[in-house]
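Step one of this worksheet: look at the structure below.
The values are calculated or read from the model by the stated rules, or taken from the named source; none is laboratory data. Since the structure is predicted, the reported quantities are computational estimates derived from the model, not experimental observations. In this analysis, Cβ positions are derived from the backbone assuming ideal geometry, glycine residues included, and neighbour counts consider all displayed protein chains.
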Amino acid sequence: MSFRKALGRGNNVQKHPDKRMLLVEDSRMFSTALKQGLEVAHGISVTHCSSLQAVKALMEKGEIEFSLAVLDLNLPDAPNCEALDFVLSKGIAAIVFTGTFNDTTRDYILSKDVLDCVLKNQPDSIGQLIAAVDRALVNSKTNVLLADSDEASRSSLVSLLLRQQFCVTAVENGAQVLELLESPEVFDLVVTDIRLSDMSAYGLLHEIRLRYGEDALGVIALDGSEDRQHAARFLRSGGTEFIQKPFLAEEFTSRIFHVASIQKRVQALHNIAARDYLTDIYNRRYFFQVGPRLVEQCLRRGGSTSIAILDIDHFKRLNDTYGHEVGDLVLKAVAKRLRAQVGDEHLLARLGGEEFGILFNNLNVTDASGFCERLRLDLASAKVVADDEELSVTVSIGLATIESHESFDNYLNAADQFLYMAKYDGRNRIVSELTVLNSIAS
C-alpha cells in the first residue's frame with residue numbers, strides 16, 4: 001500500500017485550479033456570470049466562445065486540453081445542437097445549459113451521454129450550473145473500487161459511474177478488493193454488493209476498517225433484497241452509505257458524489273492535522289497513527305521492513321551559534337532534501353526537534369542501509385545558505401529491522417539505540433544490526 005493513501009486532495013475554495021473548462025454561450029450576461037462564478041468559486045480556468053465557429057477555431061489550434069465543456073444547445077450558427085455534437089466528438093465531457101427544453105430535446109441529450117442539463121429559466125440556474133460543474137470535476141478526481149459478483153450488474157454499474165466521470169476499477173469479489181487496496185493505486189471509495197461470491201459486505205467492511213481505520217475511505221453497500229434490516233446493520237457496522245435496489249440512475253450517482261465530496265473534506269482535514277507546521281512533511285502524530293498499520297501490512301504479506309531515525313549532528317550548537325531562525329532554515333532544507341529522496345514510496349516524518357523518522361516499505365535492513373547511506377551522502381554534500389554563509393549539515397542514522405509483531409514503540413526504541421551508537425561513534429554515520437555484526441566479526 002502506498003503511504004500517500006491516507007491523505008487526499010483538499011476541498012477548499014480553489015479546489016480545481018488545475019482544470020480548464022470550455023464555456024460555449026452566446027449570451028453576454030450568462031457567460032460573464034458563469035465565467036466569474038466558476039473562476040471565483042472553484043478556481044477553474046474558463047475559456048469562453050460565443051459561437052460554434054469560435055469553438056472550431058480554438059480546437060484547430062490545439063493549445064488547450066479541456067476537462068469539461070458547458071454549452072448552450074442553440075447558438076446563432078448552430079441552432080440544432082451542432083455545438084454539442086462537435087464538442088462530444090472531441091472527447092470532451094459536456095454539461096448542457098439551455099433555455100430550450102422539451103421531450104424531444106431531453107431524449108436527444110440523454111442519448112448523447114451528457115453529464116447534466118441545467119435550464120436557464122430555473123431559479124438560481126447559475127448556482128445550479130456551478131454545482132454541476134463542481135460535481136463533474138470532483139467525480140473525475142474520485143477513484144471508485146467497485147465489487148459485484150454478478151457480471152451484468154457490475155457492467156451496468158460501471159457504465160453509470162463512467163458516464164458521470166468517476167474513475168472506476170471493477171472486481172468480482174472481496175479478496176480482489178483487499179488485494180487492490182494493498183497496491184500503490186489510491187482509492188477514495190469502495191462500492192460493494194451486499195453479497196459477494198466469497199464474503200458479505202459486512203465481512204469486507206470489517207477488514208477494510210481493521211486495516212485502514214474508520215475514515216481512510218468511504219464504503220458503500222448495494223442491496224436488492226427486501227430485507228430492510230441490512231441498511232441499519234451496515235451503517236451501524238461503520239459503513240458510509242447504503243443504497244437500496246432498484247434505484248434511479250440519478251439517485252445512485254448523486255449518492256456516490258455526496259459520499260465522495262464528504263470524503264474529500266475528511267481527507268483535507270486529515271492532511272492539515274498530519275503535517276508538521278515548519279517542514280510540511282508528516283508529523284509525529286501521523287507517523288505513530290499510520291506506522292503500525294503499514295507494518296502490519298508488510299508482515300501480513302510475509303515480508304520484512306526497516307525503520308530509521310535521523311538526527312542532525314550538532315544541531316544545538318548550530319542554534320546557539322546562529323540563532324533559531326537559522327536552525328529553522330536548516331530543518332526545512334533537510335526536510336526538503338529528504339522528501340525529494342524518499343518520495344511517496346516510504347513514510348517520512350519529523351518526529352520532533354531535529355529528529356526525522358523513515359518507515360521503509362518492504363526494504364530489508366541491507367537495502368534500507370544502502371538507501372540511508374545515499375541519504376547521508378546527499379545531505380553531507382549539500383550547503384544551507386543562511387545570512388550569506390554556507391553551512392554544512394551532516395546526520396547520524398539509527399536503522400532497525402522489523403521482522404515480527406511487536407509494539408511500534410519497540411521498533412522505534414531499537415532504531416533509537418542504534419542512533420545513540422552512531423552519535424557515540426563520532427556522528428555522520430549509520431549504525432544498524434549489520435554494522436554491529438560487521439564490527440564484531442572484524
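Values for this structure:
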read-out	value
Looking only at segment 157-185, and only at residues there that are closer than 19 Å to A221 by Cβ and in a loop (DSSP other than H, G, I, E, B), the one that is modelled with the lowest pLDDT	F166
Where P246 falls short, out of the listed (1) assigned to a helix (DSSP H, G or I); (2) modelled with pLDDT of 90 or more; (3) in the same structural domain as Q164 (by TED's automatic domain parsing)	(1)
Residues that are surrounded by 12 or more Cβ atoms within 10 Å (Cβ to Cβ) and modelled with pLDDT under 95, drawn from segment 207-222	E207, I208, R209, R211, Y212, G213, D215, A216, L217, G218
Count - residues of segment 130-156 that are at pLDDT 90 or above, crowded, with 22+ Cβ neighbours inside 10 Å and in a helix (DSSP H, G or I)	0
Odd one out for L391, checked against (1) crowded, with 17+ Cβ neighbours inside 10 Å; (2) over 18 Å from D311 (Cα atoms); (3) among the hydrophobic types (A, V, I, L, M, F, W, C)	(2)
Residue under evaluation K35, criteria (1) at pLDDT below 90; (2) closer than 14 Å to V133 by Cβ; (3) crowded, with 20+ Cβ neighbours inside 10 Å, criterion not met	(3)
